[in-house]
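Below: the structure, in structure tokens.
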Amino acid sequence: MSAGITRFSKAITRTPSDSATAGLRATDRGIPDITQMKADHAAYCDALRATGASITILPASDDFPDAQFVEDTALCLANGIVFMAPGAPSRLGEVALMQAAIADLFPATATATIMPPAHIEGGDILVTAHEILVGTSSRTNEAGIAALRDIATPWGYQVRQVQTPPGVLHFKTDCSLIDNTVILTTKRLAEAGCFDDYTKIFTADGEEEAANTIRFNDVVIMPAGFPETQSRIEAAGYKVVTINNSECAKIDGGMSCLSLRIA
């Protein structure tokens, strides 16, 4: 792994189901408009596809209201795929759905699964040029991080445990990888010192929700409605594409949550 841009050839997404109105949420921000959510999801997939990547859109699953947040079910690394063990009991069944859909993308020798009582979700994992940072949270415990370390270390990765700020759902709720050595972060997360070895771009005050973005090939895909943070990213030399995220945000979803990205 070296510094620079990670190029993705594929992305996996899942169409939101009508049951997404019952998705998990930390705060009641209203009932999501499913028609708008599906339109936003289509725009998101179009933005990924426009970079030249192949996009697989899995069918909606009414049995799992949060299933469109596919990132929490698996971690796709250059060496293999690790299936997660979500910390929310209602989401555990999503992993089997994803295994059935994409396990054949990697050989069996490069496929691993973390099992309860270890818990870990992809939203707590940030992969950079030289390490994997994993935040403990209400969804990811120390046993889950230890299990990932046992899997990833033989693949050549260094796993570092960090702390998600109190009241923040996932580690990546407050940060994103913009380049392999550049992190978009909230001030509250950076104050913990977890990004001391990285170049940091801070979200603007009051725009902390903009912290969850994705760098996908030549563009940074971020939620719409955060102009000052967008200006900061663009001033650093990155091309930005904005996607409306008003409805997924009502059930604690962001840009990274909506895809699995495969190099």
Q) Cβ-Cβ below 8 Å, separation at least six or inter-chain, first residue in the range 149-178 and free of Cβ contacts under 8 Å to residues at least 40 places away in the same chain, second crowded, with 16+ Cβ neighbours inside 10 Å and among the acidic types (Asp, Glu): which pairs? A) Pro165/Asp174; Val168/Asp174; Asp174/Glu208
Q.
With the requirement that a residue be of a type in the set (A, V, I, L, M, F, W, C), touching a residue at least 60 places away in the same chain (Cβ under 8 Å) and in a helix (DSSP H, G or I), what does the range 40-58 give you?
A. Ala43, Ala47, Leu48
**Q.** First in the range 239-263 and without any contact (Cβ under 8 Å) to a residue 60 or more places away in the chain, second anywhere and part of a loop (DSSP other than H, G, I, E, B), Cβ under 6 Å, 6 or more apart
**A.** Thr242/Ala224
(Q) When you check Gly80 against the structure, is it over 13 Å from Ile12 (Cα atoms), of a type outside the set (A, V, I, L, M, F, W, C) and in contact with a His (Cβ under 9 Å, 6 or more places away or on another chain), yes or no? (A) no
Q. What about Asp66, is it acidic (Asp, Glu), farther than 21 Å from Thr128 by Cβ and surrounded by 17 or more Cβ atoms within 10 Å (Cβ to Cβ)?
A. yes
Q.
Restricting to the range 218-251, give me the number of residues that are surrounded by fewer than 20 Cβ atoms within 10 Å (Cβ to Cβ), among the acidic types (Asp, Glu) and within 19 Å of the chain's Cα centre (by Cα).
A. 1
**Q.** Pick from the range 23-39, criterion assigned to a loop (DSSP other than H, G, I, E, B) and among the aliphatic types (A, V, I, L, M), ranking: surrounded by the most Cβ atoms within 10 Å (Cβ to Cβ)
**A.** Leu24
Q: Scan the range 234-263 residue by residue and report those that are touching an Asp or Glu at 6+ places or on another chain (Cβ under 8 Å) and part of a helix (DSSP H, G or I).
A: Ser246, Glu247, Cys248, Ala249, Ser256, Cys257, Leu258
Q: Report the residue count in the range 3-22 for those that are surrounded by 14 or more Cβ atoms within 10 Å (Cβ to Cβ) and either among the aliphatic types (A, V, I, L, M) or over 17 Å from the mean Cα position of the chain (by Cα) (or both).
A: 7
Q. Within the range 125-144, how many residues are out of contact with any Gly (no Cβ under 9 Å at 6 or more places or on another chain) and of a type outside the set (Gly, Ala, Ser)?
A. 7
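Since every read-out is calculated from the coordinates, none of them should be taken as a lab result. Given the structure is predicted, the values throughout are model-derived calculations rather than measurements. Please note: Cβ atoms are built from the backbone with ideal geometry, for glycine as well, and neighbour counts cover all protein chains shown.
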